[in-house]
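Shown next, in structure tokens, is the structure this report addresses.
The values are calculated or read from the model by the stated rules, or taken from the named source; none is laboratory data. Model, not experiment: these values are computed from the prediction. Cβ coordinates were reconstructed from backbone atoms using ideal geometry, including for glycine residues, and neighbour counts include every protein chain displayed. In case anyone asks, the SASA skips ligands and DNA or RNA and just uses the protein heavy atoms, side chains included. Shrake-Rupley method; radii C 1.70, N 1.55, O 1.52, S 1.80 Å.
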Amino acid sequence: MAEAAKVKICGLTRRADVLAAERARADYLGVVLSSGFSRSVPRADVTALFAGTRASRVAVLVDETPEVAVACAQALGAKVLQLHGHERPEVLEALRRSGPWTLWKAVRAKAIDDVARAVAEYGEVAHGLLVEGWKEGALGGSGARLELDPAGVRAVIPESLEFVLAGGLAADSVAAAVRGFRPDVVDVSSGVEAAPGLKDPALVTAFVEAARSAAEATAPGGGR
């Protein structure tokens, strides 16, 4: 049986939603710590928001300086920094020197070449690439589904990089996405919400279960 993809529940803004993701046994809990977005959470609030959780915490950041990114990571106790802006490779290099965290660089991909360019630009400084669909004017997570050939995407991401699949996923679509793209991690935010910024516990649980069950339907040797 292929190894199951890990699951990240992102855009968490309420303690109840954090606990629902914990109960569902999500692997990663994500919070937007850059200001100005619909699901942004003040840095001062994250200690109480995530207190006592076992899942790895992900600080989602957009075009922050290394100094601010480090302060956010330390406040959260982040294992992962997920960078969604136009960060240059030098920023990632500085962050790698600043702490033990994993760095995921997001790319909004219109074509396979967009993924290939991200690998060329960030492959030596990031630990993983988060790939989602392209949307006009989007900054930060676009929520757009990745409409590219799964085999083509998989072919240009080297084994040395984690592949995080995001954008437009939900409980009724994640299993097919896992079987097609074979990501290391699947990332969801709006796809498990009852209203913008408000997670639905039943949808969170259904998403986690669907993502993990997809491995059972994947042929042996189909994973990385």
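Worth a mention:
- If you go through segment 57-86 and keep only what is among the aliphatic types (A, V, I, L, M), part of a helix (DSSP H, G or I) and open to solvent by less than 20 Å² (accessible area, probe 1.4 Å), you end up with 69, 73, 76.
- Selection of segment 195-208 for residues being in contact (Cβ under 8 Å) with a residue 12 or more places away in the chain and in a helix (DSSP H, G or I) yields 201, 203, 204, 205, 206, 207, 208.
- Considering residues of segment 12-56 that are within 25 Å of residue 180 (Cα to Cα) and part of a loop (DSSP other than H, G, I, E, B) only, the residue most open to solvent (accessible area, probe 1.4 Å): 25
- Residue match in segment 200-208 (condition: within 18 Å of residue 60 (Cα to Cα), touching an Asp or Glu at 6+ places or on another chain (Cβ under 8 Å) and of a type in the set (D, E, K, R)): no
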